[in-house]
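Undergrad: I have a structure I would like to understand better, so I am pasting it below and will then ask my questions one at a time.
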DNA sequence: CTTAATACTTGATGATGTCAACTATAGAGT
DNA sequence: ACTCTATAGTTGACATCATCAAGTATTAAG
């Protein structure tokens, strides 16, 4: 079970390359929606109808809480996100998408998940295999 | 059967999720090497013994040329990268890793390609399959 | 009730990124 | 040659991203 860390046939290095490739074209995709990469990340994380405390967002983004304040400030000023006080704990503020934010998020996911041309090189069967394997990676 | 996977729309959203997951933990990994995410990206792109013109780097990063100037300034001031004039065209400056830069790059790739725990859920055979499929995506 | 811990904000600072203007070189066409 | 245009890189102005330290408000613990 433990054996293949150094002997995994290079699967992870390939994913790293894929990661950097995607990282490079996120800015342009974001710019088309008048967003920054970080804002895309936030929009991606807040699902419609699933409000999220700011602290949890900071945790998921793995960044400082004060950074989230600024990010949300800008998103809120554009009417994409709302801060709501939490009923349970008056310290926490919960974030939820506005209708506009929901629509923009849908548009973003649509563009991001528009498969690149290279994906068409795979057969349907290979794609299913890929889905099965990736699902297990994402638990 | 929440969704149809008769087409390619299943695999890419998963890769997008994987992408954002990795995006979130790059800052910490970078910080351990006293680097920023962007600097990691640059270091990842300049291979030892394969000098790269600044313009090409800007193209691959899909960012403005002036941004590369600053990135390289900081990397050069830390002795990780060198600017060299190009013999063929005196306008271009070619970037190459210093020995220190090469070592740090190796360390970075080592850490980045240290497979996450989730990868161990896959059998060797599944990992090979993943490698085969990803190679075709990246070729 | 006092004290400590948590959630978020503020202000300072550096890094990242874009744009416009600039220098220097290259590559035309005339 | 000589102008005209395009390209490679830098600089300066400015917004965003990100961290840290300090501060406020609230919660929780002793």
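Quick note: the coordinates plus some simple rules give every number you see, no bench work behind them. None of these values were measured; they are calculated from a predicted model. Cβ placement follows ideal geometry from the backbone for every residue including glycine, while neighbour counts extend to all protein chains displayed.
Undergrad: Tell me whether the stretch A:79-139 comes out rounded, prolate or oblate; compute the Cα gyration tensor, take square roots of the eigenvalues as a ≥ b ≥ c, and use a/c under 1.5 as the rounded threshold. List each step's numbers first, then the result.
TA: Numbers: a/c = 5.93, a/b = 2.10, b/c = 2.82.
Here the stretch A:79-139 falls in the oblate category.
Undergrad: Within the stretch B:12-31, whose backbone N sits under 16 Å from a point 7 Å along Cα→Cβ of residue A:62?
TA: Output list for this probe position: B:17-31.
Undergrad: How tilted is helix A:124-137 with respect to the longest principal axis of chain A? Cα atoms for both, answer in degrees (0 to 90, nearest 10).
TA: Its long axis makes an angle of about 60 degrees.
Undergrad: In addition: Which distance in Å, rounded to a whole number, links the C-alpha centroids of the stretch B:86-139 and the stretch A:86-137?
TA: The distance from the Cα centre of the stretch B:86-139 to that of the stretch A:86-137 comes to 25 Å.
Undergrad: Any idea what the residue A:90 label distances to the other copies are, label 7 Å down the Cα→Cβ vector, nm, shortest first?
TA: Ordered by distance, the counterparts are at 7.2 nm.
Undergrad: Compute the relative contact order of the stretch B:1-119 as a whole-number percentage, counting only Cα pairs closer than 8 Å that sit 6 or more residues apart in sequence.
TA: 24
Undergrad: Taking R0 as 41 Å, what's the FRET efficiency between residue B:125 and residue B:34 from their Cβ-Cβ distance, rounded to 0.05?
TA: 0.60
Undergrad: A further question on this structure: How many nanometers, to one decimal and shortest first, lie between the label point of residue A:121 and those of its other copies, if labels sit 7 Å from Cα toward Cβ?
TA: Distances between equivalent label points, in nm: 2.7.
Undergrad: Cut-off 10 angstrom, C-alpha nodes, Gaussian network model of chain A. Which of A:89, A:73, A:110 fluctuates the most?
TA: A:89
Undergrad: Using only atoms on other chains, find how many Cβ atoms lie within 10 Å of each Cβ of peptide A:19-31 and report the average.
TA: Mean partner-chain Cβ count within 10 Å for A:19-31: 5.
Undergrad: On to the next question. I'd like the orientation of helix A:11-32 relative to chain A: the angle between its Cα long axis and the longest Cα principal axis, in ° from 0 to 90, rounded to 10.
TA: Orientation of helix A:11-32: about 40 degrees from the principal axis.
Undergrad: Against the longest principal axis of chain B, how steep is helix B:99-112, in degrees 0 to 90 to the nearest 10, with axes from Cα atoms?
TA: On a 0 to 90 degree scale, this one is about 10.
Undergrad: What nm distances, shortest first, do you get from the label point of residue B:36 to those in the other copies when the point sits 7 angstrom along Cα to Cβ?
TA: Its label point is 1.1 nm from the equivalent points in the other copies.
Undergrad: Here's something else I'd like to know. Just to be sure I understand: with springs between alpha-carbon atoms less than 10 Å apart, which residue in A:76, A:96, A:126 has the highest mean-square fluctuation in the Gaussian network model of chain A?
TA: A:126
Undergrad: Moving on to the next point. Only Cα pairs within less than 10 Å get springs; with that Gaussian network setup on chain A, which residue of A:51, A:116, A:27 has the largest fluctuation?
TA: Evaluated over chain A, the most mobile residue of the options is A:116.
Undergrad: Determine the calculated [θ] at 222 nm for the protein assembly as shown from helices alone, applying -39500 (n - 2.57) to every DSSP H run no shorter than 4 residues and normalising by the residue count; nearest 500 deg cm²/dmol. Walk me through the numbers before you get to the answer.
TA: Values: 12 runs with 161 residues, N = 278.
One gets -18500 deg cm²/dmol as the mean residue ellipticity at 222 nm.
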